[in-house]
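Engineer: Dumping the structure here so I can ask a few things about it.
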């Protein structure tokens with residue numbers, strides 16, 4: 001075997017950029033691996049951020065097959081907490097010449113934290129390629145402010161909890177489509193956008209569901225279902241989100257994800273338990289109360 | 001315990017209407033069960049029809065928890081064939097007071113045929129309820145013909161392979177949205193529409209992807225991801241399908257499902273391997289060749 005061939009057979013997955021985001025150590029033979037839940041990968045309350053679970057599933061599937069993830073759905077089963085080591089194991093349900101069908105189970109000890117199903121695939125030469133939707137016309141990232149709501153932009157700060165994640169609220173050039181909200185998102189300090197990167201930044205449907213219902217807040221995602229195209233180079237990703245419906249406390253929504261140049265790079269959908277909802281009036285009243293209380297607090 | 005209480009505790013799932021569609025025998029305690037793949041539940045080539053797998057997963061999740069399915073993604077791993085008995089087992093990953101998180105594995109002997117992830121839930125009293133999208137304006141079912149294409153309507157016959165399934169091609173009242181096609185679907189001889197019934201009739205995204213690409217044909221679904229609202233009484237279901245993109249032979253698309261009265265009853269998405277595609281011209285030429293050959297065939 002020549003040196004050139006050997007070099008070509010170096011594992012391509014997980015991508016270096018992905019390991020910068022989530023320090024996932026994968027076994028080269030099986031793809032099984034583990035990562036520690038750090039504060040940067042957790043929600044402000046120290047629990048697993050959904051985007052981290054979805055991205056780790058993508059990384060594990062790609063590492064196990066050395067193929068690009070095609071679609072991945074991740075179900076969030078139980079909470080993990082900052083400091084814990086999450087073991088991610090990949091089961092190869094069917095390993096075809098092109099398509100690999102996979103099942104992922106992530107555990108901390110004997111607790112199942114998240115599970116995934118999905119496929120990764122080698123390209124089919126000459127296979128159908130095309131984009132059948134136009135990019136929605138929205139304000140460019142440089143003309144958009146941080147996620148704004150109410151006096152304190154509390155919602156924006158809450159969502160951009162990680163220094164790696166940045167969100168900006170876009171406005172539609174034409175009439176706002178029903179149930180829709182548009183967000184520009186980017187990852188900072190990560191070398192290039194990948195499928196795992198898109199999974200990391202796309203856990204935003206619950207916010208769109210509450211917005212569609214005229215509320216502020218969100219809920220907790222039960223799952224994140226993602227379908228990927230090829231990912232071109234782009235700094236910002238447009239998430240065109242759509243809150244679709246809610247039934248007795250459970251909401252569904254979807255999104256398309258776009259490069260700055262108008263390439264459709266992923267689609268997705270989520271179901272969420274919509275338990276953290278407030279009326280905008282109520283929220284403003286609370287924020288005024290908090291501000292008053294802060295003004296009265298003795299100086300330390 | 002009074003007789004009335006006992007009667008109220010009779011298992012409500014699987015629904016009778018669902019068992020009329022798929023003769024799924026569920027163990028009352030575990031929800032695990034089995035069904036035989038009959039010709040009515042198979043594709044014309046005798047292999048498992050994707051909608052059957054998705055519907056059986058919904059039935060198993062509901063039987064195991066006695067709760068309505070909230071979302072279910074079903075991955076099609078390997079083929080089963082007419083006559084085979086498919087065993088469906090349900091693993092309760094997390095069993096909350098309201099939300100049950102589930103994983104389904106369907107096997108024939110030691111072959112995994114399909115897998116699912118999903119949740120079933122009891123309603124949350126006073127929980128967020130709303131519909132944030134308007135129904136698309138399309139021609140009513142009575143004004144629509146069977147799925148038409150080309151001289152022989154071959155595609156329509158192919159898709160309505162089961163006498164239980166009927167499809168009609170709807171036309172949009174306004175401009176056809178990019179990548180979209182609208183189909184009215186109904187189940188015949190089944191007592192009422194359920195979540196499993198919607199799963200059974202909603203395996204149509206691959207057709208929408210090929211249409212969006214200007215082709216005839218379809219592909220094989222790798223999965224079917226479904227999210228359910230409450231299902232009102234309706235004879236026909238409108239599938240508003242959208243072919244979104246294809247990359248090197250793999251296509252993604254989504255749909256919304258509507259009652260005749262305009263209630264959004266489900267949303268879904270699928271990824272498919274797009275391997276059975278023809279140009280319309282090529283198809284017409286073949287059909288003419290077949291017709292000529294038939295005319296020349298000696299009478300028996």
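Engineer: For region B:114-123, enumerate the residues that are crowded, with 18+ Cβ neighbours inside 10 Å and within 10 Å of chain A (Cβ to nearest Cβ).
Structural biologist: Within region B:114-123, B:114, B:115, B:116, B:117, B:118, B:119, B:121 meet the criteria.
Engineer: Restricting attention to region B:93-107, report how many residues are assigned to a strand (DSSP E or B) and out of contact with any strand residue (DSSP E or B) (no Cβ under 6 Å at 6 or more places or on another chain).
Structural biologist: Residues that pass the stated criteria total 1.
Engineer: Has region A:59-74 got any residue that is under 26 Å from residue A:237 (Cα atoms), part of a loop (DSSP other than H, G, I, E, B) and under 22 Å from the mean Cα position of the chain (by Cα)?
Structural biologist: For region A:59-74, residues under 26 Å from residue A:237 (Cα atoms), part of a loop (DSSP other than H, G, I, E, B) and under 22 Å from the mean Cα position of the chain (by Cα): present.
Engineer: Also, I was wondering about something else. Return the only residue of A:219, A:214, A:189 being at pLDDT below 95, part of a loop (DSSP other than H, G, I, E, B) and within 11 Å of chain B (Cβ to nearest Cβ).
Structural biologist: Being at pLDDT below 95, part of a loop (DSSP other than H, G, I, E, B) and within 11 Å of chain B (Cβ to nearest Cβ) holds for just one of A:219, A:214, A:189, which is A:214.
Engineer: I'm trying to understand the selection: among the residues of region A:187-221, which are without any contact (Cβ under 8 Å) to a residue 40 or more places away in the chain and within 15 Å of residue A:234 (Cβ to Cβ)?
Structural biologist: A:188
Engineer: Still on this structure, please answer the following. Can you tell which of B:203, B:281 is more than 10 Å from every other protein chain (Cβ to nearest Cβ) and under 24 Å from residue A:102 (Cα atoms)?
Structural biologist: Result: B:203 is the single residue among B:203, B:281 that is more than 10 Å from every other protein chain (Cβ to nearest Cβ) and under 24 Å from residue A:102 (Cα atoms).
Residue-wise test of (1) at pLDDT below 95; (2) away from chain A (no Cβ under 14 Å); (3) on the phi > 0 side of the Ramachandran plot; (4) under 19 Å from the mean Cα position of the chain (by Cα).
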| residue | (1), (2), (3), (4) |
| --- | --- |
| B:234 | no, yes, no, yes |
| B:244 | no, no, no, yes |
| B:256 | no, no, no, yes |
| B:294 | yes, yes, no, no |
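Engineer: Is there any pair linking a residue in region A:71-87 that is on the phi < 0 side of the Ramachandran plot and more than 7 Å from every other protein chain (Cβ to nearest Cβ) to one that is surrounded by fewer than 17 Cβ atoms within 10 Å (Cβ to Cβ) and assigned to a loop (DSSP other than H, G, I, E, B), with Cβ under 7 Å and at least six apart or on different chains, and which?
Structural biologist: A:81/A:46; A:82/A:38; A:82/A:46
Engineer: Moving to a separate point now. Assuming residue A:235 fulfils every condition listed in (1) within 27 Å of residue A:275 (Cβ to Cβ); (2) in a loop (DSSP other than H, G, I, E, B) apart from one, which condition is it?
Structural biologist: (1)
Engineer: Take residue A:271 and tell me if it is under 30 Å from residue A:143 (Cβ atoms), assigned to a strand (DSSP E or B), within 16 Å of the chain's Cα centre (by Cα) and within 12 Å of chain B (Cβ to nearest Cβ).
Structural biologist: no
Engineer: A further question follows. Give B:266, B:257, B:246, B:213 a once-over and let me know the one that is surrounded by fewer than 23 Cβ atoms within 10 Å (Cβ to Cβ) and closer than 20 Å to residue B:180 by Cβ.
Structural biologist: B:213
Engineer: Go through the residues of region A:280-297 one by one and say whether even a single one is outside the structural domain of residue A:75 (by TED's automatic domain parsing), farther than 22 Å from residue B:267 by Cα and in a strand (DSSP E or B).
Structural biologist: no
The values are calculated or read from the model by the stated rules, or taken from the named source; none is laboratory data. As the structure is a prediction and not an experimental result, all values here were calculated from the model. Ideal geometry is used to build each Cβ from the backbone, glycine not excepted, and the neighbour counts take in all protein chains shown.
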